[in-house]
Amino acid sequence: MGPKFTELPAEIYAAILAQAPTDERQQTTLSLTRAIPRSPVPLHYLFETVSLKAADNVFQLYRRLRGCTQDVRWVRSFSLKTWTVDADIVVNLVSILPCIERMTLFIGPSFAPEHLEEMLEKPREGLRYLSLRFRPYLPALSIVQDPLHPEIARGQHFAQPLVFFRLEPINTLICSPFLRTLPNLCLRIPLRPVAPFVSQSPQAAPALSILDLSTCNVHPGDVEGLLARFKNLKHLILDGCDIIRGDFHEGDWVAIGRMCALATVKAAKDREKKLKNWLEANATRFESSDKNASQQAAGEVQRRRIRPGRRGLAAATISLRESPPREATPIVRHNIDVPRIRVVPSPPTLRSLSTTSNTHLRDEHAIRIEFEQGWAEGLTRLDAVRGRLYQSWKNGVRVMYVAGDQSTEDGLEGLEDVNDETIFHTIREERGIWPAPVLCLAGSNSDTENHADGCGHAAGSRIWDDNI
């Protein structure tokens, strides 16, 4: 006769619990410990995935784990899904959990920016997923918020809280060294112009592949800036951003498609301008240094020139007084002759653009036709630009392309010389690699039938599981 269920070894109980779904494993373990309290049921499953939905549970867990050095290391996933909780207790609880890999926090009215700073002050090298949800103004105050329901918004006669917060910290965040390998970013701040703060620095998240700025105040120029900045961006989600303002006009979406295809041309021109300024600044500095060296040498000769006549016996041959330091006066000149260096635009990487449009004013199919037409026109122009640079390269002009580390645009860093003509012909010979991006106008509609195949919403839903 085999052993009873209550007499199994701990390894068997562990194997049984490992078969339970992740979101049910904690409750299954708890039920098992209550059903067979004397059996060696592994307790680490109680803490491996922690999901708290009541404010009282936060303090209870903190009291249970405080001082338990082994138990706190079992916690791998921590989820707090309640708006009404004491922020100080949450900070204290998170501070004693050193091995968190996934963390989801609902940021309620008791949270202040200082709480988040304290919680994230020390790097968590094992953290792989972080989701922060902020509640709308009523009944809570938040830095990042979901948009208010239209009925609630119509009844409010005061500004939303985010108008009182500066957006400069967004640039600090996006340029953090810890985000250098970040592939996916969702940043939703209703009606605020966050795009320039996301894309203004070359240090901004160079590995970004999916960017969601839905509900933000995004203009067409911002779209061009985002595509010019992020060289690996594949999916751009702009639900509720109204990138086309006012009444629709024929050709609006042609312009959007053309701009998306030509964003790398803008990036190349901006890089050329910075490179030219750097070359001129260095040429000015070298010229200033050479002139100062010549003046100093001439002064030495003048001081050593022998005067006619006999020198007096009392004439001092040395001086104990230090000569005043000679300050270099920089020579500022314009139109300095510096080597001409051109930068070849990179091929586009965008695969999908997802946004919201009043399709009852324009046929959705017609909008997509216009967008694809603009994209084709943009590729033709991009091809022409690269063709002209190819001729310049053959004529001896130095041409470079963007490669390597893009965290700085100082001088020639991040650029490499073109040594093979094939880089100019890629679009013409393999144009099928860059078809028009998928244009999805379904917005945040959860009905998958309304979404275009391969749109950014599908890519985002596989990453962010909060159904925003």
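Which condition does ARG386 not pass, out of (1) out of contact with any strand residue (DSSP E or B) (no Cβ under 9 Å at 6 or more places or on another chain); (2) at pLDDT 90 or above, if it passes all the others?
Result: ARG386 passes all but (1).
Taking only the range 3-39 into account, find how many residues are modelled with pLDDT under 80, open to solvent by less than 50 Å² (accessible area, probe 1.4 Å) and among the polar types (S, T, N, Q).
1
Kindly check whether there is at least one residue in the range 231-242 that is free of Cβ contacts under 8 Å to residues at least 60 places away in the same chain and open to solvent by 30 Å² or more (accessible area, probe 1.4 Å). Break it down into steps so the answer makes sense when it comes.
Step one: of the range 231-242, the residues free of Cβ contacts under 8 Å to residues at least 60 places away in the same chain are none.
The answer is no, given that none of the residues of the range 231-242 is free of Cβ contacts under 8 Å to residues at least 60 places away in the same chain and open to solvent by 30 Å² or more (accessible area, probe 1.4 Å).
Quick one: how many residues across the range 347-375 are open to solvent by 30 Å² or more (accessible area, probe 1.4 Å), at pLDDT 90 or above and aliphatic (A, V, I, L, M)?
1
Anything in the range 52-72 that is open to solvent by 50 Å² or more (accessible area, probe 1.4 Å) and closer than 24 Å to ALA20 by Cα? List them, or say none.
LYS53, ASN57, GLN70
From GLY454, GLY414, GLY378, which residue is small (Gly, Ala, Ser), surrounded by fewer than 16 Cβ atoms within 10 Å (Cβ to Cβ) and either more than 29 Å from the chain's Cα centre (by Cα) or at pLDDT 75 or above (or both)?
Unique residue meeting the criteria: GLY454.
Would you pick out the residues in the range 87-98 that are open to solvent by 30 Å² or more (accessible area, probe 1.4 Å) and either part of a helix (DSSP H, G or I) or modelled with pLDDT under 90 (or both)?
Restricting attention to the range 87-98, the residues satisfying the condition of being open to solvent by 30 Å² or more (accessible area, probe 1.4 Å) are 88-89, 92, 95-96, 98.
Hits for the range 87-98 are ASP88, ILE89, ASN92, SER95, PRO98.
What pairs come out if I take residues in the range 6-30 that are more than 13 Å from GLU48 (Cα to Cα) and pair them with residues that are among the small types (Gly, Ala, Ser) and surrounded by 14 or more Cβ atoms within 10 Å (Cβ to Cβ) whose C-beta lies under 8 Å away, six or more apart or interchain?
So the pair list comes out as THR6/SER39; GLU7/SER39; LEU8/SER39; TYR13/SER39.
Got a sec? Which of VAL41, VAL72, VAL58, VAL50 is over 37 Å from the mean Cα position of the chain (by Cα) and of a type outside the set (Ser, Thr, Tyr)?
On the way: VAL72 fails: over 37 Å from the mean Cα position of the chain (by Cα); VAL58 fails: over 37 Å from the mean Cα position of the chain (by Cα); VAL50 fails: over 37 Å from the mean Cα position of the chain (by Cα).
Unique residue meeting the criteria: VAL41.
Scan SER79, SER110, SER51 and give me the residue that is of a type in the set (Ser, Thr, Tyr) and out of contact with any helix residue (DSSP H, G or I) (no Cβ under 8 Å at 6 or more places or on another chain).
After applying the criteria, what remains is SER79.
Return the only residue of LEU148, LEU173, LEU162 being surrounded by 14 or more Cβ atoms within 10 Å (Cβ to Cβ), modelled with pLDDT under 85 and part of a loop (DSSP other than H, G, I, E, B).
So the residue among LEU148, LEU173, LEU162 that is surrounded by 14 or more Cβ atoms within 10 Å (Cβ to Cβ), modelled with pLDDT under 85 and part of a loop (DSSP other than H, G, I, E, B) is LEU148.
The values are calculated or read from the model by the stated rules, or taken from the named source; none is laboratory data. Please read all numbers here as calculations on a predicted model, not as lab measurements. So basically every Cβ, Gly included, is an ideal-geometry build from the backbone, and we count neighbours across all protein chains shown. Side chains are part of the model used for accessible areas, which takes the heavy atoms of the whole protein and leaves out ligands, DNA and RNA. Shrake-Rupley method; radii C 1.70, N 1.55, O 1.52, S 1.80 Å.
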